[in-house]
Structure formats: structure tokens, C-alpha cells
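Student: One structure is given below, represented as C-alpha cells, and several questions about it will come after.
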Amino acid sequence: MSTQQAPLALEAEGICKKFGTLVANDEVSLKVGKGQIHALLGENGAGKSTLVNILFGLYKADQGEVRISGEKVEMNSPHDAINNKIGMVHQHFQLVPVLSVTENIVLGDEPTSKGGALDFEKAAVEVSELGKRYGLEVDPRAIVEDLPIGYQQRVEILRSLYRQADVLILDEPTAVLTPQETDHLLDVLRGLAAEGVSIIFITHKLREVLAIADQVTVMRQGKVVGSIDPKETDEEGLAEMMVGRSVVLRVAKSEATPGDTILSIKDLNVIDDRSQPALRNFSLDVQKGEIFGIAGVEGNGQRELVEAITGLRSVVSGSILMNGKEMSDSTAREISEEGISHIPENREKHGLVGPHSVADNLVLNRYFHSPFASRGIRQTTAINDEASHLVEKFDVRTASIHNPARTLSGGNKQKVIAARELSHDSELLLAAQPTRGIDVGSIEFIHQQLVNQRDSGVAVLLVSAELDEILSLSDRIGVIYQGQLVAIAPTEEFTRTQIGRLMTSGND
Ligand SMILES: Nc1ncnc2c1ncn2[C@@H]1O[C@H](COP(=O)(O)OP(=O)(O)O)[C@@H](O)[C@H]1O
Ligand SMILES: [Mg+2]
């Protein structure tokens with residue numbers, strides 16, 4: 001019997017791309033079969049986006065070639081990619097906010113029809129039919145900026161399908177989605193693949209790779225480290241390929257031994273920046289020696305909660321007790337002195353002073369105390385010693401502790417903040433999105449630090465939009481929905497789906 005194989009839908013071979021001296025892609029090869037869901041996995045900075053930007057004609061490769069159905073193609077612009085039936089859903093959507101769904105879908109690189117004018121009504125009907133067919137329903141006449149993020153993403157996908165993409169590239173599509181939306185997207189992708197569309201799916205979430213991919217190519221530091229069928233491995237195996245060493249995915253953690261209540265919030269009311277209620281009669285207790293996780297879709301009051309506790313947002317009514325002491329009228333400095341550490345969500349705004357050195361940032365909340373100051377005079381040697389020690393302990397990658405903090409990468413900025421916040425005595429640690437945008441190796445490290453804090457008797461309040469992070473770290477979980485905790489229970493009493501439902505509807 002002949003074993004002649006069908007040509008691959010897309011093949012990249014020997015792709016090299018440098019930015020200055022940085023090698024973003026080093027001899028990268030990728031083979032994507034027809035109707036295959038091919039995951040591209042790798043840590044931040046591994047070179048995934050660079051590769052797909054080359055495949056979509058946004059960047060020009062320094063070397064290497066791309067073949068579509070066995071034919072070598074020149075990919076000099078997205079126009080070439082679209083002509084070759086490649087579609088891409090970008091990490092940051094490329095939609096025109098003030099235009100309608102249909103306009104966004106048909107406009108752009110689409111060649112204008114002979115008569116010039118496009119028939120929008122006809123197009124709207126087509127868009128609506130496409131949506132129904134693939135589970136991507138969206139009102140074709142809606143204005144894009146009025147749509148929630150999940151629906152804007154549908155528009156991006158529909159735009160590629162409208163142009164009859166045979167290969168659909170999605171760059172971290174689930175990063176902006178809720179667990180429910182993610183599950184739905186994975187279903188949609190399965191449906192597309194079943195119709196013969198080839199899919200390149202970038203993610204750093206191992207669970208998603210295992211759930212959906214027929215094949216996974218793992219990149220590390222610009223190189224492909226392997227390409228395998230995910231069925232032949234597991235989360236640990238993938239993580240090891242990704243990071244280059246074995247990684248502890250399940251945080252090693254013993255039973256919590258909670259003690260006295262450290263933080264007690266009662267009937268708290270807080271308004272957001274637009275004067276709308278953000279927290280509504282919100283109540284919560286966090287005990288010494290436990291990690292209390294707040295699960296929720298972003299924008300349900302989490303940010304305002306953290307700001308209220310840390311004194312960055314004023315309280316309308318209700319109380320915030322630290323060790324029984326009322327803090328709702330205290331300043332941020334007073335609260336920090338009371339023994340609260342804070343790993344903030346917005347590192348640029350609240351976490352670091354960008355122009356200041358890494359060393360100064362590492363002692364930012366202690367520089368006025370001994371040994372970093374003596375009779376009001378800065379003790380440079382003590383500051384530098386402490387900074388060098390923390391840089392080593394937390395594996396902060398910086399050429400020098402004297403470099404400005406703003407020159408660090410996102411993961412390293414987060415390590416500086418964590419190092420600072422976890423290295424002074426505190427009774428309450430507030431960790432808001434503590435691992436957002438950082439690599440798996442650093443996530444493992446920060447998670448372990450949070451557990452260590454707990455074990456040394458700190459009350460930890462964890463706020464995270466990553467459900468997996470909440471589930472693996474928390475001893476108790478509260479689900480926040482529209483400014484209220486709609487459920488509180490020990491972690492083992494929740495299922496993942498149950499939390500997902502609570503997050504999106506307030507009910508299970
Ligand atoms: N336009 C660019 N200019 C300079 N450096 C870039 C550019 N795009 C990416 N890089 C660098 O190339 C490397 C790979 O980045 P990227 O492909 O975005 O990785 P990933 O998508 O896997 O996170 C990173 O070190 C990044 O800083
Ligand atoms: Mg990327």
C-alpha cells in the first residue's frame with residue numbers, strides 16, 4: 001500500500017529572527033497537519049509570538065522558509081498571509097472599536113468588490129450564519145467597543161473565518177477569558193479542526209494543551225525543544241520541557257493550622273472610580289496561618305477590596321479590623337506599619353519606583369528603619385548588602401542592583417516586589433494577582449513563598465483571576481461576584497465548575 005502522505009497544512013523550517021543581538025527565533029521548525037490543533041507552548045519570551053508573527057507576515061524572518069500545502073511562500077505582509085488562507089487572532093485585538101462587528105469583519109485587507117461598495121446587509125447575514133455554524137454567535141450590528149472581551153475575540157475569529165482561513169493562529173487567546181469562556185473556545189476550536197481548519201494555539205497553560213492539542217511544540221529561549229503528542233506526556237513532563245528542569249506544579253503544602261483572626265472586614269461599602277458601588281456590605285475574616293483565596297472574574301470588586309485594605313481607597317462605610325484595631329480611616333503608611341505586606345496587582349503603579357535602583361526598591365518600605373537608616377542618614381552599605389542578598393535569594397535577573405527598576409522584565413519586577421514584601425515581618429500578606437505575566441519557574445517560587453508565609457503564621461489573602469492558582473494554594477475560598485462574597489468554603493468542598501458558575505452568575 002502506498003504510504004504517500006498528504007502535504008502538511010503549514011510548515012516552517014529553520015526560521016531565524018534576531019532583534020538587535022537578541023535571538024528571538026533560532027532555527028525554529030514547525031509542522032502543522034491539516035485539521036490539527038497544534039499547541040505552541042513556552043514561557044514568556046520563548047519566542048512564540050515572534051514565530052507566529054513571522055507566519056502571519058508581520059515580521060520578516062532573517063532566515064528559513066514557510067510552506068503552505070507543500071508550496072514555498074513569501075510572507076511579506078499580513079496581506080500575503082491572508083491570501084494564503086492564514087488567519088490570526090492577536091494577543092491584543094486589532095479591531096476598530098467604533099465600527100460594527102460586520103464592518104470589522106469585512107473591512108481591512110479584504111479586496112473591495114468590483115463595484116466598489118460592499119453590501120453590508122448581505123455581509124451581516126453571512127457573519128450571523130458563520131457565528132451560528134461555529135458557536136461564535138455575536139450581533140453583527142453591535143458596535144465592537146460595546147462588546148465584552150470574550151465577544152470581541154469572537155469577532156476576531158469570525159474575521160479569519162470570513163476570509164476562509166485554512167490555518168488559524170491564536171496567540172494566547174485564553175489569557176483574557178473566564179473559565180467558562182475558555183471551555184467554550186476550546187469547543188469551538190475542536191469544531192473548526194473537525195472541519196479541516198488547522199489551528200496553531202499559543203498558551204502557557206498546560207491544562208489547555210492537554211485538553212485540546214493533537215500535537216504540542218515546546219519552545220525555550222528561541223529554540224524548539226521538542227514536539228510531541230500530549231497524550232504521551234503529562235503536566236509535569238510538559239512543564240519540564242518548557243522550563244528545562246523539573247518543576248513542582250502542585251505546591252507542596254501541609255494542612256493549615258489556622259489561629260486567631262487577623263483581618264476582619266464587616267459590612268464594607270466602597271465605590272469605584274466611577275462612583276459606582278464596588279463592594280456591597282462585604283464581610284470577610286482571614287485567620288493567622290491560612291491562605292484565603294478570592295476567586296472571581298476581574299472587575300467584581302477585587303481591586304477596590306485590596307485598595308481599601310491597604311489604605312489606597314477610602315471607605316464609604318463598614319469596618320476593617322487588623323488584630324481588632326480599626327484601620328478603615330488609616331493612611332497607607334500607617335497600615336503598612338501595622339504589619340501588612342502587599343504584592344500589588346499593578347506593579348508599575350504601586351509596586352516599584354521605576355527610575356530608582358533595584359536596591360532602593362528592595363528596601364522601599366524599610367529605608368527609614370535601622371539598619372538602612374541611622375539617625376536619618378542612609379546606610380548605603382546595609383542597603384546594598386540586603387539588596388544583594390535578596391537578589392540572590394529571589395533569583396532576580398539584573399545586571400546590577402544599581403540599575404533602574406524599570407529596566408527589568410515583568411517577571412523580574414514581580415520578584416523584586418515579592419522579595420521586598422516577603423522579607424519584612426508582617427501579620428497579613430495581601431497578594432493580588434501575584435504571578436500574572438511571569439514564567440512557570442518564577443510562579444513555582446512565589447507560590448512556595450506564599451505557603452512559607454502561611455506556615456510561619458501569616459494570614460494570607462490571595463486575590464487571583466487564575467482559578468488554578470486559587471485552587472492549588474488556598475485553604476479556604478471565597479467567590480466574589482458583583483462586590484459580594486457569594487460563597488465561602490474550604491477548598492476541598494468546591495469543584496472547579498462550581499466555582500466557575502459562581503464566578504459568572506453568582507449562583508451554583
Ligand atoms: N519587536 C521586538 N523588538 C525587540 N525585541 C523583541 C520584539 N518582539 C519580541 N522581542 C523579544 O524577543 C523575545 C521573544 O519574544 P516573544 O516572541 O514575544 O516571546 P513569547 O511570545 O514566547 O512570550 C523576547 O526576549 C522579546 O523581548
Ligand atoms: Mg507572546
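The values are calculated or read from the model by the stated rules, or taken from the named source; none is laboratory data. All values reported here derive from a predicted model rather than from experimental measurement. Here the Cβ positions follow ideal geometry from the backbone for every residue, glycine too, while neighbour counts run over all protein chains shown. Accessible surface is based on the protein model in full, side chains and every heavy atom, while ligands, DNA and RNA are left aside. Shrake-Rupley method; radii C 1.70, N 1.55, O 1.52, S 1.80 Å.
Student: Computed FRET efficiency, Cβ-Cβ of residue 374 and residue 264, R0 45 Å: what is it to the nearest 0.05? Write down the numbers at each step before the final one.
Tutor: Numbers: r = 37 Å, r/R0 = 0.83.
In this case the efficiency is close to 0.75.
Student: Tell me, in nm to one decimal, what length is gained between residue 346 and residue 245 on full extension, where the rule is 0.36 nm per residue of separation less the Cα-Cα distance?
Tutor: Working: separation 101, 0.36 × 101 = 36.36 nm, distance 2.97 nm.
Residue separation times 0.36 nm, minus the Cα-Cα distance, leaves 33.4 nm.
Student: What spacing in nm lies between the two simple spin-label points modelled at residue 194 and residue 69, each 7 Å away from Cα in the Cβ direction?
Tutor: 2.4 nm
Student: Hey, can you find the accessible area per residue of the chain for me, probe 1.4 Å, expressed in square angstrom?
Tutor: Details: 23200 Å² over 508 residues.
Value for the chain: 46 Å² per residue.
Student: What length, rounded to one decimal in nm, is gained on full extension from residue 187 through to residue 472, with 0.36 nm per residue of separation minus their alpha-carbon distance?
Tutor: On the way: separation 285, 0.36 × 285 = 102.60 nm, distance 2.51 nm.
Between residue 187 and residue 472, full extension yields an extra 100.1 nm.
Student: Can you give the FRET efficiency for residue 236 and residue 119, using 1/(1 + (r/R0)^6), R0 = 41 Å, r = Cβ-Cβ distance, to the nearest 0.05?
Tutor: Working: r = 54 Å, r/R0 = 1.32.
Efficiency for this residue pair is about 0.15.
Student: On to the next question. How big is D, in µm² s⁻¹, for the stretch 354-424 by Stokes-Einstein at 25 °C and 0.890 mPa s if Rh is the Kirkwood radius over C-alpha pairs?
Tutor: Values: Rh = 11.9 Å.
Approximately 207 µm²/s, per Stokes-Einstein.
Student: Order 77-85, 469-477, 314-322 from most to least packed using the mean count of other Cβ atoms within 10 Å. Intermediate results must be reported in sequence, preceding the final value.
Tutor: Values: 77-85: 18.2, 469-477: 22.1, 314-322: 16.4.
For the peptides 77-85, 469-477, 314-322, the packing ranking is 469-477, 77-85, 314-322.
Student: Still on this model: Tell me what the chain gives for mean residue ellipticity at 222 nm when only DSSP H runs of n ≥ 4 count, each as -39,500 (n - 2.57), the sum divided by the residue total, rounded to 500 deg cm²/dmol. If you can, show how the numbers build up before the last one.
Tutor: Numbers: 16 runs with 160 residues, N = 508.
The helix contribution divided over the chain gives -9000 deg cm²/dmol.
Student: Okay, moving on. Roughly how big is the chain's charge dipole about its Cα centre, with Cβ charges of +1 (Lys, Arg) and -1 (Asp, Glu), in debye to the nearest 20?
Tutor: Values: 50 positive and 72 negative charges, 174 e Å.
It comes to approximately 840 debye.
Student: Place a point 7 Å from Cα of residue 382 in the direction of its Cβ. Which residues in the stretch 415-430 have their backbone N less than 19 Å from it?
Tutor: Label zone hits: 420-426.
Student: Moving on. By how many nm would the segment from residue 367 to residue 283 grow when fully extended, if each residue of separation counts as 0.36 nm and the alpha-carbon distance is taken off? Could you put the intermediate results ahead of the total?
Tutor: Values: separation 84, 0.36 × 84 = 30.24 nm, distance 3.43 nm.
Value of the extension gain: 26.8 nm.
Student: Can you give me the Rg/Rh ratio for the stretch 435-477, using Cα atoms for both radii and the Kirkwood formula for Rh? Intermediate results must be reported in sequence, preceding the final value.
Tutor: Details: Rg = 10.3 Å, Rh = 10.9 Å.
Ratio of gyration radius to Kirkwood radius for the stretch 435-477: 0.94.
Student: Once the Cα atoms of helix 149-162 and of the chain are each reduced to a long axis, what angle between those two axes, in degrees from 0 to 90 to the nearest 10, is obtained?
Tutor: Computed tilt is about 10 degrees.
Student: For the stretch 11-18, in order, what is each residue's ³J(HN,Hα) by Karplus, 6.51 cos²θ - 1.76 cosθ + 1.60 with θ = phi - 60°, in whole Hz (x at glycine and Pro)?
Tutor: With coefficients 6.51, -1.76 and 1.60, one gets 9, 10, 9, x, 6, 10, 8, 10 Hz.
Student: Report the antiparallel proportion of the DSSP beta bridges in the stretch 39-185 as a percent, rounded to a multiple of 5. Intermediate results must be reported in sequence, preceding the final value.
Tutor: Numbers: 4 of 8 bridges.
Roughly 50 percent of the DSSP beta bridges within the stretch 39-185 come out antiparallel.
Student: Using r as the Cβ-Cβ distance of residue 397 and residue 488, and R0 as 30 Å, what FRET efficiency do you calculate, to the nearest 0.05? The partial results should precede the final answer.
Tutor: Values: r = 39 Å, r/R0 = 1.29.
Taking R0 as 30 Å, the efficiency between residue 397 and residue 488 is 0.20.
Student: Something else: Using DSSP to define loop residues, name the GluC sites (Glu not before Pro) in the stretch 61-94 whose beta-carbon has at most 13 other beta-carbon atoms within 10 Å.
Tutor: Qualifying residues, ordered by number: 74.
Student: Can you give the Rg/Rh ratio of the chain, where Rg is from the C-alpha atoms and Rh is the Kirkwood radius?
Tutor: Numbers: Rg = 25.1 Å, Rh = 25.0 Å.
Result: Rg/Rh = 1.00.
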